[in-house]
Amino acid sequence: MDDARIAVRGPLVTSDATHGASIAVNGCCLTVASIDGDVFTADVMAETFKRTSLGALSPGDPVNLERPLQAGARLGGHVVQGHVDGTGAIASHDDGVVRIEIGEDLARYVVEKGSIAVDGVSLTVVEAGDTSFTVSLIPTTLELTTLGHKGPGDVLNIEVDVLAKYVERLLAKGQA
């Protein structure tokens, strides 16, 4: 898919957004190009479509929206950058326990009790396997995010822990 401009309705996230602000859409950090009432537009590059599930969205599909953390604000979860590393697919979703299949290229960064972002939702890994991981979703997460409406086969954006990527690079360069 080529570059495109998308429009997203989000009354809360647009309430204090300005041109050039960042808003994450399903975990993908996008830059606000324009705002018209409660709708903002953002340009999406081909690379973003290649690495994420944004290209599969249709008009009217619900998405998770997140404003950026402001300096000095209370940090209430994991550090999530909005830099999606790739996608995974739901293998099973039973009683709030979700198993997500991912490639080995992402799985090497996933550890039990580590941090992971799934469609922009900051979660704790319950179990980590060679090509999958599980997370447990509390009722509030199921209610307030799109994850409560996803099922087997649905594709999700995955952001692994940035610290793991830095450690790997430093070790590869012999600098750690």
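Placing pseudo-labels 7 Å out from each Cα toward the beta carbon at Ser58 and Leu171 gives an inter-label distance of 4.4 nm.
Using the Karplus relation 6.51 cos²θ - 1.76 cosθ + 1.60 with θ = phi - 60°, the per-residue 3J(HN,Hα) values for the stretch 19-25 come to 3, x, 5, 9, 9, 8, 10 Hz, with x marking Gly and Pro. A simple spin-label model places pseudo-atoms 7 Å from Cα toward Cβ; at Leu69 and Thr131 they are separated by 3.4 nm. For the stretch 1-66, what D do you get in µm² per second when you plug the Kirkwood radius from alpha-carbon pairs into Stokes-Einstein at 4 °C and 1.567 mPa s? Estimated diffusion coefficient is 109 µm²/s.
Relative contact order for the chain: 22 percent, from Cα pairs under 8 Å spaced at least 6 residues apart, divided by residue count. Springs join every pair of Cα atoms under 10 Å in this Gaussian network model of the chain, and among Ala17, Ala91, Ala73 the largest mean-square fluctuation is at Ala73. Extension gain, His19 to Val162: 0.36 nm times the residue separation minus the Cα-Cα distance gives 48.8 nm. Give the label of the value calculated from the structure for Rg and Dmax of the Cα atoms in Å, choosing from [x] 15.5, 45; [y] 16.4, 52; [z] 22.1, 82. Read-out from the structure maps to [y].
Quote the FRET efficiency, to the nearest 0.05, computed for Thr31 versus His83 with a Förster distance R0 of 22 Å and r equal to the Cβ-Cβ distance. It comes out at approximately 0.95.
Quick note: the coordinates plus some simple rules give every number you see, no bench work behind them. Predicted model only: the values in this text are computed from it and were never measured. All Cβ positions, glycine included, derive from the backbone under ideal geometry; neighbour counts span all protein chains shown.
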